[in-house]
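Colleague: The structure's right below; bear with me while I get my questions together.
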Amino acid sequence: MTAFWILAPIMVLAALGILVVRKAVHAALLLAVVMVSLAILYLVQDAPFLFAVQIIVYTGAILMLFLFVVMLVGVDASDSLVETIRGQRALALVIGLLFGVTVVIGIAQVSVGAIAGMDTANADGNVQGLAELLFTSYVFAFEATSALLITAAVGAMVLAHRERLVPKPSQTDLAKKRMRDYAEHGRHPGPLPNPGVYARHNAVDTPALLPDGTPAESSVSRVLSARGTVKTAPEVADDVVALVERDNHSTAGARPTRAASPASSDDTDGEEVR
Amino acid sequence: MEAEPFIVLSAILFTIGGVGVLTRRNAIVVFMCVELMLNACNLALVTFARVHGNLDGQVAAFFVMVVAAAEVVVGLAIIMTIFRTRRSASVDDASLLKY
């Protein structure tokens, strides 16, 4: 029972977390917490086979599948807060709360009676007992399960398969397209420019500067600009100016000797950034 | 070791899963909440198996797991297909039949 009282609050908290976290990845990790805790509760209740299956199938396979799909769909595809049906969220919470209270009260009033325990059922071993049941009384359900699994596998393959509508462009086609773009739109046929390399920023999220001082948009990855994490060159310059000013303020009174040297070196950084 | 706390925990997890299905808008998270509900049912099945002292409840939980695995595979493939055509994983955006 100790395991239960330790795990139950963790599980309820993790499950509530699934309701409130914004990102799907966090929800998947919280679900993993719930599932591993459930596996331990199965072990506590003399179901070692289900403990193994829960960890291997749920935590190992199903959750990994969830994480793969989250990665394919986009990690930052978070929930929209717009309600299509007005008041639906509040109503769902109220109904859920009512349902939960009703069920818990109902269960609290029922007595399950004497607990038989698994000692006699697990006498020949849990796996052996389950196998005997599966292949005698539940053999038809078991056979139907195999049909279900093969249908699911084929269905997933059909749904995930993408039919190629146009032939795949070969290297010759791509080279021709590049030269045509150059001839018609004047687009540079060579590789794209590198991102900016400055004294304080040499990361891929800072665009390079053209000779006239404007940032070269094509020098940073399209994905980064879609996420809005690209630093602009003026921003970096302001960053440097702010740093210099803060340095001047903080060190002016306390350590006047240090104030001059970082300011002068940062000035050159700012120069380069501009 | 009494059985009621396990059943109550199972009911609470089931309720949380149900509320999640109703309130969340991301199709993947909705699916995770469905999984949470299935898991809560499994906990109740295993507990009742212990109460009755036979293995039928555990076999039922095993079947639930198999069906859940099949359901997740097909469901996630559907979500992927919808995302590919509509560039969105929100359940509100799949509303073509409405108009």
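The values are calculated or read from the model by the stated rules, or taken from the named source; none is laboratory data. Since we're looking at a predicted model, the values are computed, not measured. Cβ atoms come from the backbone with ideal geometry, glycine included; neighbour counts cover every protein chain shown. Heavy atoms of the whole protein, side chains included, go into the accessibility calculation; ligands, DNA and RNA do not. Shrake-Rupley method; radii C 1.70, N 1.55, O 1.52, S 1.80 Å.
Conditions (1) open to solvent by less than 100 Å² (accessible area, probe 1.4 Å); (2) within 30 Å of B:Ala70 (Cα to Cα); (3) modelled with pLDDT under 90; (4) assigned to a loop (DSSP other than H, G, I, E, B), marked per residue:
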{"site": "A:Ser146", "(1), (2), (3), (4)": "yes, yes, no, no"}
{"site": "A:Thr172", "(1), (2), (3), (4)": "yes, no, no, no"}
{"site": "A:Arg180", "(1), (2), (3), (4)": "no, no, no, no"}
{"site": "A:Ala183", "(1), (2), (3), (4)": "yes, no, no, no"}
{"site": "A:Arg187", "(1), (2), (3), (4)": "no, no, yes, yes"}
{"site": "A:Leu192", "(1), (2), (3), (4)": "no, no, yes, yes"}
{"site": "A:Gly196", "(1), (2), (3), (4)": "yes, no, yes, yes"}
{"site": "A:Asp205", "(1), (2), (3), (4)": "yes, no, yes, yes"}
{"site": "A:Val223", "(1), (2), (3), (4)": "yes, no, yes, no"}
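Colleague: If only one of B:Phe48, B:Phe83, B:Phe31 is under 30 Å from A:Ala123 (Cβ atoms), open to solvent by 20 Å² or more (accessible area, probe 1.4 Å) and in a helix (DSSP H, G or I), which one is it?
Modeller: Sole residue among the options that is under 30 Å from A:Ala123 (Cβ atoms), open to solvent by 20 Å² or more (accessible area, probe 1.4 Å) and in a helix (DSSP H, G or I): B:Phe48.
Colleague: What number of residues in region A:37-60 are among the aliphatic types (A, V, I, L, M), more than 7 Å from chain B (Cβ to nearest Cβ), within 17 Å of B:Leu45 (Cβ to Cβ) and open to solvent by 10 Å² or more (accessible area, probe 1.4 Å)?
Modeller: 4
Colleague: Take the residues in region A:104-118 that are part of a helix (DSSP H, G or I) and within 19 Å of B:Val51 (Cα to Cα); name whichever of them is most open to solvent (accessible area, probe 1.4 Å).
Modeller: Per the stated criteria, the residue is A:Gln109.
Colleague: Can you say whether A:Val34 is within 30 Å of B:His52 (Cβ to Cβ), facing another protein chain (nearest Cβ under 7 Å) and surrounded by fewer than 18 Cβ atoms within 10 Å (Cβ to Cβ), as far as the supplied structure shows?
Modeller: Against the criterion (within 30 Å of B:His52 (Cβ to Cβ), facing another protein chain (nearest Cβ under 7 Å) and surrounded by fewer than 18 Cβ atoms within 10 Å (Cβ to Cβ)), A:Val34 does not qualify.
Colleague: In this structure, does B:Phe31 turn out to be more than 7 Å from chain A (Cβ to nearest Cβ) and under 11 Å from the mean Cα position of the chain (by Cα)?
Modeller: Here the answer is yes, as B:Phe31 does meet what is asked.
Colleague: For the structure I just gave you, tell me whether A:Val25 is open to solvent by less than 60 Å² (accessible area, probe 1.4 Å) and over 15 Å from the mean Cα position of the chain (by Cα).
Modeller: For A:Val25, the condition - open to solvent by less than 60 Å² (accessible area, probe 1.4 Å) and over 15 Å from the mean Cα position of the chain (by Cα) - is not met.
Colleague: Which one of these does B:Val64 not meet: (1) surrounded by 19 or more Cβ atoms within 10 Å (Cβ to Cβ); (2) out of contact with any Phe, Trp or Tyr (no Cβ under 6 Å at 6 or more places or on another chain); (3) more than 7 Å from every other protein chain (Cβ to nearest Cβ); (4) within 22 Å of A:Ala121 (Cβ to Cβ)?
Modeller: Failing condition for B:Val64: (1).
Colleague: Tell me, yes or no, whether region A:131-140 has at least one residue that is within 8 Å of chain B (Cβ to nearest Cβ), of a type outside the set (Asp, Glu) and part of a helix (DSSP H, G or I).
Modeller: Yes: one or more hits.
Colleague: Which ones in region B:72-98 are acidic (Asp, Glu) and more than 7 Å from chain A (Cβ to nearest Cβ)?
Modeller: Within region B:72-98, just B:Asp93 meets the criteria.
Colleague: Also, quick follow-up: Does B:Ala69 count as small (Gly, Ala, Ser), assigned to a helix (DSSP H, G or I), open to solvent by 20 Å² or more (accessible area, probe 1.4 Å) and at the interface with chain A (Cβ under 8 Å from one of its Cβ atoms)?
Modeller: The answer is yes for B:Ala69.
Colleague: Right, here's the next one. If A:Gly117 passes every condition in (1) within 40 Å of the chain's Cα centre (by Cα); (2) touching a residue at least 24 places away in the same chain (Cβ under 8 Å) but one, which one does it miss?
Modeller: Of the numbered conditions (1) within 40 Å of the chain's Cα centre (by Cα); (2) touching a residue at least 24 places away in the same chain (Cβ under 8 Å), the odd one out for A:Gly117 is (1).
Colleague: Looking at the structure I just gave you, is B:Met37 more than 9 Å from every other protein chain (Cβ to nearest Cβ), under 21 Å from the mean Cα position of the chain (by Cα) and closer than 23 Å to A:Thr145 by Cα?
Modeller: Judged against the criteria, B:Met37 is a match.
Colleague: With respect to A:Leu43, is the statement that it is touching a Phe, Trp or Tyr at 6+ places or on another chain (Cβ under 6 Å) and either farther than 14 Å from B:Glu35 by Cβ or in contact (Cβ under 8 Å) with a residue 60 or more places away in the chain (or both) true?
Modeller: For A:Leu43, the condition - touching a Phe, Trp or Tyr at 6+ places or on another chain (Cβ under 6 Å) and either farther than 14 Å from B:Glu35 by Cβ or in contact (Cβ under 8 Å) with a residue 60 or more places away in the chain (or both) - is met.
Colleague: Still on this structure: Could you list all residues from region A:119-130 that are part of a loop (DSSP other than H, G, I, E, B) and either in contact with a Pro (Cβ under 8 Å, 6 or more places away or on another chain) or facing chain B (nearest Cβ under 7 Å) (or both)?
Modeller: A:Thr120, A:Ala121
Colleague: Starting from residues that are within 8 Å of chain B (Cβ to nearest Cβ) and closer than 30 Å to B:Phe83 by Cβ, keep the ones in region A:141-156 and report whichever is farthest from the chain's Cα centre (by Cα).
Modeller: A:Thr145
Colleague: Also, quick follow-up: So which residues in region B:1-16 are within 30 Å of A:Phe68 (Cβ to Cβ) and at the interface with chain A (Cβ under 7 Å from one of its Cβ atoms), if there are any at all?
Modeller: B:Leu9, B:Ile12, B:Leu13, B:Thr15, B:Ile16
Colleague: Here's something else I'd like to know. From A:Leu98, A:Leu93, A:Leu16, A:Leu7, which residue is more than 7 Å from chain B (Cβ to nearest Cβ), over 30 Å from A:Ala160 (Cα atoms) and either open to solvent by 60 Å² or more (accessible area, probe 1.4 Å) or among the acidic types (Asp, Glu) (or both)?
Modeller: Testing whether each residue is more than 7 Å from chain B (Cβ to nearest Cβ), over 30 Å from A:Ala160 (Cα atoms) and either open to solvent by 60 Å² or more (accessible area, probe 1.4 Å) or among the acidic types (Asp, Glu) (or both) leaves just A:Leu98.
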